[in-house]
Amino acid sequence: MAKPAAAAPAAVADQGRSDNNCCVEKKTFWSQHLASVTLSLIMFLVGLANGWSSPYLAKLSLQESTDGIAKLTSEQLTWLASLMNIARIFGACAGAVAQDTAGRKMSLCFAGLPMLGGWLCVATASRVEWLYAARACCGFAMGMIWTTLSLYLAEIADPEIRGLLPLCTPLSNNEQVLWNISAQSIGLFLGNLMGPYISMKIFGYVAIGFNLLFLLLFPLVPDSPYRYITIGRLDKAEASLAWLRRRADVKAELQQLQDYVESSRVSLLERMREFKDPIYMKSFLMMFMINIFSYFGAYNVTNNYMEIIITSSRVTIEASTIVTSIQGCSIVSGLLATFRVDRYGRRFLLIASSLGMALSLTSLGVHFLLLRRFDFDPARLTWLPCLCLLCYSMSYTAGCGCIPSALVGELFSPRLKTLASLVFSATSAVFSSLSTMTFLPFLELVGPAALFWFYSAGIYASIVYYYYYVPETMGKSLQDIQKEPDK
């Protein structure tokens, strides 16, 4: 809170009492969590789109006919797995344009439209081309979402809970968070749960229902106060802050935000010049490296091909049962991550998450080596791939799945946030596409053991990088992070 330049002794005393009252006043976060819950509907749909892959790619690769669609070739499977990530690149560009012209909130609203189109294609699919279109539409929507989501959440959240909101926290009670579950993990879990038992058409209709609910509810949430200040609507910015903070008097914070945004107004040319600043070049390089390491993390590979991987590991348990159990445990991991992200920090969770993923993939490679080189009995090793994939999925959800996108919203000034988000989302989509497109060819070329060890070697390298080069942003305001970007 800004202090007056001069004051009479009595006024100073009153100010001190007022400050003390402010210090003990409880902050109210429920409205910010309510906004993130509403937004979590679109993240739930992202989870459903990702969860669709594992059961239905397995069906389409193993069954002679699935919902009237003939068994797919390896090339068709690769395209079906990859198209969503390829379309994310174009969605990221569209999201960057939309959030700069219409704002973060409207960009997220617009993302619901191609997502709805994708589910309509799934519900009416009679040929593989319809599924191609569905994956492309969902991928385009995801590109818009990931370009905008972390920026919107970072701008509406109080610094004390900003680490929770990127995980789409569903419930809170003042400062004490009771339940914190990733909506994307829930969608992924339900997608894996429903997939083996219902047709693609019914799956599509279920997703359409949630999509329509999002399009009805999210427009009721206020836009970011940053956005209103940017377009000169101070009255709406004050109303947005009052709704988000649940306080009638937000003029001091409004003035701080106004000064912050006004100091950031620059032309596109000046924006590009600032891009060359060593501080931001370092941040851009860091986010690029995180995306490279995400290739080795191979999450898109395990998510898209999990049932196929489990089937090839020759376990004695039904593959769909294992996948559903793994995704259910990932929800618990997401719950624990939200409790810890603002206690232990972003960097710690990145390192712990990467270590868990690396050890899991190393052990999974050992499993395939024991099967193929030493001819072990698969029945005696059933526990090993199950445990490996469980630890891998829980580790990813606990850190690497959510922290990088949160950092994009924290490390860059308002002048560069849109550009940073675009670059991060687009490069993430590129490496995700490479990961899914190269998995089957590399698998045939070098075998599963060598491939999983290759992935794990890259993750071990990422741990060293995160320790030395990723800054800690826990508990800092966005302004403080910009002033102290290094560590």
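Exceeding 21 Å between C-alpha atoms, which entries from my cross-link table qualify? They are K105/K282; K251/K417; K105/K201; K276/K417. List each step's numbers first, then the result.
On the way: K105/K282 29 Å; K251/K417 25 Å; K105/K201 30 Å; K276/K417 14 Å.
Where the Cα-Cα span goes over 21 Å, the pairs concerned are K105/K282; K251/K417; K105/K201.
Around L83, what is the net charge, scoring Lys/Arg as +1 and Asp/Glu as -1 over all other residues with Cβ under 14 Å from its Cβ?
It works out to a net charge of 0.
I want to check the label-to-label distance for S65 and V332. Put each point 7 Å from Cα in the C-beta direction and report it in nm to one decimal.
4.2 nm
With a ≥ b ≥ c the root eigenvalues of the C-alpha gyration tensor of the range 398-473, is it rounded (a/c under 1.5), prolate (a/b larger than b/c) or oblate? Write out the running numbers ahead of the final one.
Details: a/c = 3.53, a/b = 1.75, b/c = 2.01.
Since a/c reaches 1.5 but b/c is at least a/b, the shape of the range 398-473 is classed as oblate.
Considering the convex hull of the alpha carbon atoms of the range 335-473, report its projected area averaged over all viewing directions, in nm², one decimal.
Details: hull surface 38.6 nm².
With the hull built on Cα positions only, its mean projection is 9.6 nm².
In vacuum, with every alpha carbon of the range 283-335 counted as one equal point scatterer, what does the Debye formula give for log10 I(q)/I(0) at q = 0.32 Å⁻¹? Two decimals, please.
Here the Debye-derived log intensity ratios amount to -1.12.
If you wrap a convex hull around the Cα atoms of the range 49-165, how much volume per residue is inside, in Å³? Please list the in-between numbers first.
Working: hull volume 11.5 nm³, N = 117.
In the range 49-165, the Cα hull volume divided by residue count equals 98 Å³.
How big is the accessible area of F376 in square angstrom, nearest 10, if you roll a 1.4 angstrom probe over the protein chains?
So the heavy atoms of F376 present about 80 Å² to solvent.
Net charge near S199: determine it from the other residues with C-beta under 15 Å of the C-beta of S199, scoring Lys and Arg +1 and Asp and Glu -1. Walk me through the intermediate numbers first.
Details: positive: K59, K201; negative: D67.
For residues surrounding S199, the net value is +1.
The values are calculated or read from the model by the stated rules, or taken from the named source; none is laboratory data. Note that the structure is predicted; figures quoted are calculated from it, not measured. Using ideal geometry, Cβ is built from the backbone for each residue, glycine included, and neighbour counts are taken over all protein chains shown. Each accessible area value is taken on the protein alone, full model and side chains, heavy atoms only, with ligands, DNA and RNA left out. Shrake-Rupley method; radii C 1.70, N 1.55, O 1.52, S 1.80 Å.
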